[in-house]
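The values are calculated or read from the model by the stated rules, or taken from the named source; none is laboratory data. Just so it is clear, the structure is predicted and the values come from calculations on it, not from any experiment. Heads up, the Cβs are rebuilt from the backbone with ideal geometry, glycines too, and the neighbour counts pull from every protein chain shown. These accessible areas exclude ligands, DNA and RNA; they are computed on the full protein's heavy atoms, side chains included. Shrake-Rupley method; radii C 1.70, N 1.55, O 1.52, S 1.80 Å.
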Amino acid sequence: MGRKGIAGLAALAALTACAAGCTVRPAGEGGSPVRIEVPGRTPSASAPEPEPESESGSRAPDGGGKSARPGSPAPRVLWSPGDSGRDVRELQARLRQVAWIFHGPTGTYDDLTAKAVRGFQGRRGLPRTGVTDSVTWQRLLAMTHEPGRWELYLMGGQPADAPDPRCTTGRALCISKSSRTLRWMIDGRTVSTMPVRFGSEYTPTREGVFHVYWKSRHHVSTLYDSPMPYAMFFSGGQAVHFSADFAARGYAGSSHGCVNVRDEEAIALLYGQVRSGDKVVVHW
C-alpha cells in the first residue's frame, strides 16, 4: 500500500474515534492538520428554524410568521354632497331614525346631511369624511329599518297622483288622499301642486265634490282655538289652510279634518287665485 493509502486509513481511524469532531494529522511528515466535523443526531441549538408556511404552502414573508395582506382598497363612495334622488332620501330617513338628522328628508345631499354623516362616522370610529361610502352605509343599515313611504316623504316632496277626472274641467282644487297632494287646476291644466295633510281616523277629512263657500285670510278656529291662515272653507268647518304644525312636524301629525298645507308661500299664492265657488274634489 502506498503512502497516500496509509494516510487515508489513518484519517478514517481518527474519524471513528471522535463522535462530534476532532483534529487529525495525516501520517507522514509535513502533513497539515485537518479538522473533521461529524454531524450529530440532534440539530445544534444555533441552527435556524425552517420558515413558516402560509395556508397556500408558500413561505411567509418577514413579520412574525403572519401572512401579509395587501393594502385594503378604499370603500366605494355611494353618495356625496350635491347628489340627489330617492337613495339620498332613504339615507336621510335612516339618519333621522338614529337622531343624526332632523330636517327633511329632502332628497338632496346638503350641508346638514354631510354634517350628520360626519357625526355618525365619528361616533363609530370611521373616517369623518361626510361622504357616504359602502362601509358607512352598511353600518347605518344594520342600525335602522327600511323606511316607509311617509318616512321618505315626511316633509313632502312626493309625486302627485294623476288628477281625478272630475278635476279636468273648470277651476278645481284636486286633492288626492293616496298621494297626499293638492293640484290647482284650470280647464284641465295643472297650475301648481303641493303636499297636504288630512285629518286622523277620529276626525277624517270628508271625500267628494264640494265648492269653496268662504275665504278667511287670518282665520282662527273657534273650536280648537288654533290659527288657520289662508283658510278656504269647502265643507262645514273643513277648509284648505296653512298649518304651522304641518310645517314643523310633517306627516308625524294630522289635522282635525282640514286639508293642511305646509308651504306658506305656496298657499299664499293659491289663496290669491282661488275664488268662491271654485270646485274642490277630495278623492283617493
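Here each label is just a point 7 Å from Cα along the line to Cβ, and for Arg123 and Val209 those points are 5.3 nm apart.
The orientation-averaged projection of the convex hull spanning the C-alpha atoms of region 192-284 amounts to 5.7 square nanometres. Of the accessible area of region 135-284, with the probe set at 1.4 angstrom, what percent is carbon plus sulfur? Result for region 135-284: 54 percent of the exposed heavy-atom area is carbon or sulfur. Loop-resident trypsin sites (Lys or Arg not before Pro) (DSSP state other than H, G, I, E or B) in region 177-276 with no more than 16 further Cβ atoms inside 10 Å of their Cβ: Lys177, Arg206, Arg275. Among the GluC sites (Glu not before Pro) found in region 196-284, those both in a DSSP coil and sparsely packed, with 14 or fewer other Cβ atoms within 10 Å of their Cβ, are Glu201, Glu207. 3J(HN,Hα) along region 267-284, derived from phi through the Karplus expression 6.51 cos²θ - 1.76 cosθ + 1.60 where θ = phi - 60°, amounts to 6, 5, 5, 5, 4, x, 9, 6, 10, 4, x, 5, 6, 10, 10, 10, 9, 9 Hz, with x in place of Gly and Pro.
The residues of region 141-284 expose on average 48 square angstrom of accessible surface per residue, using a 1.4 Å probe on protein heavy atoms. Remark: the Ser178-Thr222 segment gains 12.9 nm on full extension, using 0.36 nm per residue and subtracting the alpha carbon distance. Label zone (Arg249, point 7 Å along Cα-to-C-beta; backbone nitrogen cut-off 18 Å) within region 94-115: 97, 102-105.
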